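S.K.: Dumping the structure here so I can ask a few things about it.
Any read-out appearing in this document is the output of simple, stated calculations on the displayed coordinates, not a laboratory observation. All of these numbers come straight from a predicted model, not from anything done at the bench. Reconstructed Cβ throughout: ideal geometry from the backbone, glycine too, with neighbour counts over all protein chains shown.
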Amino acid sequence: MMPKNFSFARPVKREKLSNYELELLVNDSLTIHTEITVKDDARTILIKNFCSSNSANQLANDLERFYQSKINTDVTFIVGDKKFQAHKTILSSRSPVLAAMFTHDMIEKKTSRVSVKDITPEIFEKFLNYMYTDRVANLDVVALDLLKAADMHQLQSLIHSYTIIRKHQVFQVEKFFRNHRYRAETLKEHAIKYVVDGKRDVINTDGFKKLEKNNPSLALELLKRVMETKCNYSETIKVIETKVPQITSHILAFDKSDFIFKSSEFSTGAKLGDLWEASIRINNYYASELKAFISVHVQNMSNHVFTARVKFFIVNYRRQQLLLNHLQYKFSPKAIIGFNEIIPKRWLLGNKLEFLPEDTLTLDIVVSVTDYNDDLGVLTIKSENLSESSEENSIDIKSPKFYNSSKTSLADDLERLYWSKDDTDITIVVEGRRFPAHKIFLKMRSQFLAELLSQDTTKKDLLLEDIKSTIFEKVLKFIYTDRADNLGDAAAQVLEAADKFQLETLKTICEESLSRSLNRENFIEIISLADRHFAINLKNYALEFFGAISEDIVNSYEFMKLENTNSYLALELFKKFHIFKINSLKINSGEGNSA
């Protein structure tokens, strides 16, 4: 489309020039200065409105409101002399410990009552609130007690959120080290860095002496890290991405031999000339004790001794790294070290949609090498946890029970629940497609669905009409995660569904998406949609946009059709056009503001 030209037919009257000839016609020349002021883009204004009206924590707000209401609770926690009611589905999605408790043949599953010891009611209440919201009030005050609760239930996101390390408060660091017995590896690294970066006085305190007595391995690690910093040792790091395609067929192929996938050799660039190789073993041998697991190892391919830290990550479909396990070890030449039971096959197949996009397993292996040799030996792994494997020079570290140690959010945990379909109790049928879901989330997030489900509580299937299955799939994912990615051409239909299901945040996301695609050709269609579904932000933006194209629009065939289908909106637009026209005439006649 050619750019639109705007002009003033009579910007100034001839007689005015004659009256001010000496001032305006210097040397018989007329000089015109043109000043252009660009109005703040209405799109920017709209987006600001979106940001103010769209709560980033709507999912947490909905869950917190549901928790406070105590509606449809199905489990009771007894803590001291207090009782706390909650929802199994939400708790299971966040804590593998509670998930096992509620799914296996345990007394808690049968009675729906859980007795909690070694935690005060006040701490458990904060812990439970975090499970629903990812939020903790006054974290600094209750951090250590809350860390204990998080570790008991393997709530890794809370462990990562634990932030008691504050500047100039050495006693907090001492307290952490004295109480260090949880799997808070990120926090431990943070605390060690805090000490080696300037708070080395900690190692001279009574608290550190107690640490030497109660946890000598941690005290040794701290001392050696301080020593490394004092001596200014350098460290080189390499991240190697390893992909195993067609992983499902390899996992299911029980055979007489294992499938081993090896990376190409790589180096971190250390001065001593390191060389490494990573290997992923799919344990398929039918008689193997490891046939239920995938193993991962790294081998020192050089003839030198290296002290290295190695972290193993699995990468999900969003390219996010989830930490599986880590080690620090002194590698002798050709030594192989790793984890035999790092990924349970059943767990991986149960999470295919998240971790096996295009049937490909992706692991990131991070190797960090220090440019010096000493007798550090094993630092973060206790020697009793090491055992010789059948492979020469190979050492396996016995993995603990698999758990996700990454920093995951409430939305991440619920998205995993969405993909896994665990413990669903209702199936939504749309265009013949069946969508397993959890009534609790549908009721909590959508008043429309809550009313439908309350009409017949025994129903196992719920038929929805007047919506496409592809659109409902996006709506259902949003209900669980508060996320709506890649709306594209579906934005208008998703907005209609969001309005129907009373999902205001999703509706706002759609409004923003549609605002970015608004143009002359689709103007009538989008403003009609906004008017029909009370999408106020989108309609206001469209009206701002209308100012620049009003004459084209009111003379178009689409506007003529609008006059017949929505005369109120057509009248509103024409009145806007009339105002723009009058203002333009005033400016052209010289009646507007003058400089």
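S.K.: Calculate one ³J(HN,Hα) per residue across segment 440-449 by plugging θ = phi - 60° into the Karplus curve 6.51 cos²θ - 1.76 cosθ + 1.60, and present them in order as whole Hz with x for glycine and proline.
M.R.: 4, 6, 4, 5, 5, 9, 10, 5, 4, 5
S.K.: Here's something else I'd like to know. Which residues in segment 523-545 have a backbone N closer than 19 Å to a point placed 7 Å from the Cα of SER567 along the Cα-to-Cβ line?
M.R.: Once the point is set 7 Å along Cα→Cβ of SER567, 528, 532 turn out to lie under 19 Å by backbone N, inside segment 523-545.
S.K.: What spacing in nm lies between the two simple spin-label points modelled at LEU543 and THR360, each 7 Å away from Cα in the Cβ direction?
M.R.: In this crude spin-label approximation the distance works out to 5.0 nm.
S.K.: Here is a follow-up. Under a Cβ-only charge scheme (Lys and Arg +1, Asp and Glu -1), can you give me the dipole magnitude of segment 410-588 about the Cα centre, in debye to the nearest 20?
M.R.: Using Cβ point charges on Lys, Arg, Asp and Glu, segment 410-588 gives about 220 debye.
S.K.: Taking 51 Å as R0, compute the FRET efficiency from the Cβ-Cβ separation of ASP466 and LYS291 and round it to 0.05.
M.R.: E between ASP466 and LYS291, to the nearest 0.05, is 0.55.
S.K.: Can you compute the modelled spin-label distance between PHE448 and SER115, with each label point 7 Å from Cα toward Cβ, in nm?
M.R.: 4.8
S.K.: Sticking with this one: In terms of modelled amide H atoms, which long-range or inter-chain residues lie less than 5 Å from the amide H of LEU361?
M.R.: Answer set, sorted by chain and number: VAL244, ILE247.
S.K.: Roughly speaking, what is the centre-to-centre gap between segment 282-306 and segment 505-526 when only Cα atoms are used, to the nearest Å?
M.R.: Cα centroid to Cα centroid, the span is 53 Å.
S.K.: Oh, and also: Of LYS271/LYS352; LYS70/LYS421; LYS126/LYS468, which ones are farther than 32 Å apart at the Cα?
M.R.: Listed pairs above 32 Å: LYS271/LYS352; LYS126/LYS468.
S.K.: Between GLU473 and SER332, what is the label-to-label distance in nm when each label sits 7 Å out along the Cα-to-Cβ direction?
M.R.: According to this spin-label approximation, the distance is 5.5 nm.
S.K.: Could you tell me the calculated FRET efficiency between LEU272 and THR76, based on Cβ-Cβ distance and R0 = 45 angstrom, to the nearest 0.05?
M.R.: Using R0 = 45 Å, I get an efficiency of 0.15.
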